[in-house]
Amino acid sequence: MAGASQATLLVELATGAELFRTPDGEAFATISTDGHRETWPLRARAVRRWLARCYFDAHTATPNAQAIQDAIGVLEGRALFGDQEHRVHVRTAEHQGAIYLDLADRHWRAVEVTASGARVVDPPVRFRRARGMLSLPEPAPGGSIDVLKSFGNFASEEDWILVVAWLVAALRPAGPYPVLALHGEQGSAKSTETRILRQTVDPNKAPLRAAPKTGHDLIIAATNGWVVALDNLSHLQGWLSDGICRLATGGGFATRELYSDAEEAIFEAQRPVILNGIEELATRGDLQDRSIVLELPRIRRHRTEETFWAEFERAHPQILGALLDVVSAAMANMETTELTDLPRMADFAAWVMAASPAMGWDPGDFLDAYDENREAANEITLEASPLVGPLRVLVASEEFEGTATELLVALNDQVNDERIQKSREWPKSASALSGALRRLAPNLRRADPGIEINFDREAHTGRRVIWVGSPEQARKSASPASPASPASPTHAQGDGGDGGDGDFRTQSDGHDQGGAEDLRRLGIDPLPYQPGRPE
């Protein structure tokens, strides 16, 4: 093209690239190079270098930086306003009933896993390579997942079962994913265990991260890797605990886009997460309910770092191959796997149960280990809260009903140690108490002895009240023979936000029957409530 600018020539040279946008409106290109395909954001350095190479191969000259910038602007417009839209994945993807695991090697290959087995392929889905991602080995057939046990530090066979369950879940492209929370004294190999588990399925140049400073940092870490591994934590602040919960079950973060007054940059991720620290970390009820909590014993037999990691690298292909065989078996068994009593992370439990025959586990091995772990974690949450002891003393003889302010006064009267009242965990206001009780309510309900908590609003005054008592007191109050309190409605109305409108005293299992009736009026069949399980 005589007289054409460098930018125009670059655009013409890029006709072989497949330009498309993601559902989030980000411009990408899939380019063919050295016998394979690569997918990059159009603003990535790799695309600039590819364009420069194409120009030099065609003209034996180098394009200037402004020409490359102008060409990318045109290509970005074609991508964003063209008719091609595709999802771009990190490390794992699902397509037409198959699971794909990106090996992240120089040939951009992936492992295709189906119900009939696993094989290395040129994937039909588009993966992107975040900075720091390392390659997985080509999986070797005929291995055993038990080889991984020699690189772990587990207190019991039940703990080993739960670790394998977490790994099998981490290879599933869609969650929710349980949070694996490891704790133990110094010398229990918490960091090494965390690194081994991440390296098994998602190796990275920086496999372990310190605690993020903001929610933005957390979601950026999740966007640029598959497994989020946070190392050597001493405490989980409330926002970080909430952020990890969102990662486990799916969540996002929006912030103002750089150099823009109105545009938002939106990030969304659902990821497997590992936490480790000396102290128990999953102490808030909502995080604990999504977690597998393991205490690691002290290491008694040591190996040098060089020997340890060399042995792992040799075993890694067999370990990965065995894991993918288990994933294949789970895919084959999912349709015939039934759980009569679904736990909180129901999708995770069903997936692991489908994989259990390939592990040689008896039908109840995983669920027994998972239920016991949840019960132990529930006790950790209760022990971590300074409210539990005073609450139990307060309602030991009779139920309590009053405002949050009145309840806080009553609980303060039960505490003789000023250090408890001055501690960070002790609520200093009525609203803080209400929030803490809402988080604790599911844990207290499952405890022995259990405590029921209900939030209500008086019909004639609008005053918000809290009812606290034992399950036996709740059943007596809910009895048809008991007169209804004139200060409260005789039917449940849901929890109504911070104030809470549901009246537990009219129903022994605490389910929102009023809400269920509203659904039925709309022609929607409400899901059955399972007593003893959090909603």
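The values are calculated or read from the model by the stated rules, or taken from the named source; none is laboratory data. All of these numbers come straight from a predicted model, not from anything done at the bench. For neighbour counting, all protein chains shown are included, and Cβ atoms are generated from backbone atoms with ideal geometry for every residue, glycine included. The accessibility values were calculated without ligands, DNA or RNA, using every heavy atom of the protein model including side chains. Shrake-Rupley method; radii C 1.70, N 1.55, O 1.52, S 1.80 Å.
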Output for segment 431-465, where each listed residue is aliphatic (A, V, I, L, M), crowded, with 16+ Cβ neighbours inside 10 Å and under 30 Å from R374 (Cα atoms): L433, A436, L437, L440, A441, L444, A447, I451, I453
Hey, S135 over 24 Å from P23 (Cβ atoms) and more than 27 Å from the chain's Cα centre (by Cα) or not: no
Residues satisfying the stated conditions in segment 173-198, i.e. part of a loop (DSSP other than H, G, I, E, B) and open to solvent by 20 Å² or more (accessible area, probe 1.4 Å): P173, A174, P176, E185, Q186, G187, A189
Residue in segment 199-209 that is more than 18 Å from F308 (Cβ to Cβ), surrounded by fewer than 21 Cβ atoms within 10 Å (Cβ to Cβ) and free of Cβ contacts under 8 Å to residues at least 60 places away in the same chain present: yes
Segment 78-112, residues that are under 35 Å from the mean Cα position of the chain (by Cα) and either among the aromatic types (F, W, Y) or farther than 28 Å from P173 by Cβ (or both): F81, Y100, W108
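Those residues that are assigned to a helix (DSSP H, G or I), among the hydrophobic types (A, V, I, L, M, F, W, C) and either touching a Pro at 6+ places or on another chain (Cβ under 9 Å) or touching a residue at least 24 places away in the same chain (Cβ under 8 Å) (or both), I need them from segment 399-419; list them, please.
Matches in segment 399-419: A404, L407, L408, A410, L411.
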Answer from A358, A377, A350, A354 - the residue that is of a type in the set (A, V, I, L, M), assigned to a helix (DSSP H, G or I) and under 20 Å from D286 (Cα atoms): A377
Qualifying residue in segment 149-162 (condition: open to solvent by less than 50 Å² (accessible area, probe 1.4 Å), within 28 Å of G97 (Cβ to Cβ) and over 22 Å from the mean Cα position of the chain (by Cα)): no
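Every residue in segment 380-398 that is part of a loop (DSSP other than H, G, I, E, B) and at pLDDT 85 or above, please.
In the first step, residues of segment 380-398 are kept if they are part of a loop (DSSP other than H, G, I, E, B); the result is 385-387, 395-398.
The answer is P386, L387.
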Residue in segment 131-145 that is assigned to a helix (DSSP H, G or I), out of contact with any Pro (no Cβ under 6 Å at 6 or more places or on another chain) and at negative phi present: yes
Some residue of segment 366-381 being in contact with a Lys or Arg (Cβ under 6 Å, 6 or more places away or on another chain), surrounded by 15 or more Cβ atoms within 10 Å (Cβ to Cβ) and either of a type in the set (A, V, I, L, M) or under 27 Å from V163 (Cβ atoms) (or both): yes
Test: residue in segment 323-342 that is open to solvent by 70 Å² or more (accessible area, probe 1.4 Å), in a helix (DSSP H, G or I), of a type in the set (V, I, T) and at pLDDT below 90: yes
Search result, residues across segment 418-430 that are more than 16 Å from T403 (Cβ to Cβ) and open to solvent by less than 50 Å² (accessible area, probe 1.4 Å): S423, W426
Members of segment 225-248 found to be surrounded by fewer than 17 Cβ atoms within 10 Å (Cβ to Cβ), touching a Gly at 6+ places or on another chain (Cβ under 7 Å) and over 15 Å from G277 (Cα atoms), listed by number: W239
Some residue of segment 211-233 being at pLDDT below 85 and under 18 Å from Q288 (Cβ atoms): no
Filtered residues of segment 348-373 (kept if in contact (Cβ under 8 Å) with a residue 40 or more places away in the chain and either touching a strand residue (DSSP E or B) at 6+ places or on another chain (Cβ under 8 Å) or within 23 Å of G250 (Cβ to Cβ) (or both)): F348, W351, V352, A355, Y370, N373
Those residues of segment 121-148 which are under 12 Å from L101 (Cβ atoms) and either open to solvent by 50 Å² or more (accessible area, probe 1.4 Å) or touching a residue at least 24 places away in the same chain (Cβ under 8 Å) (or both), in sequence order: P123, V125, F127, S135, L136, P137, E138, P139
Residues of segment 361-374 satisfying the condition of being out of contact with any Leu (no Cβ under 9 Å at 6 or more places or on another chain), part of a helix (DSSP H, G or I) and not basic (K, R): D365, D368, D371, E372
Extreme residue, most open to solvent (accessible area, probe 1.4 Å), among residues of segment 313-322 that are of a type outside the set (K, R) and over 26 Å from N373 (Cβ atoms): E313
Qualifying residue in segment 393-410 (condition: closer than 16 Å to S470 by Cα, surrounded by fewer than 17 Cβ atoms within 10 Å (Cβ to Cβ) and of a type in the set (A, V, I, L, M)): yes
Enumeration of residues in segment 264-307 that are of a type in the set (A, V, I, L, M, F, W, C), touching a residue at least 60 places away in the same chain (Cβ under 8 Å) and either open to solvent by less than 40 Å² (accessible area, probe 1.4 Å) or out of contact with any strand residue (DSSP E or B) (no Cβ under 8 Å at 6 or more places or on another chain) (or both): V273, I274, L275, L281, A282, L287, I292, V293, L294, L296, I299
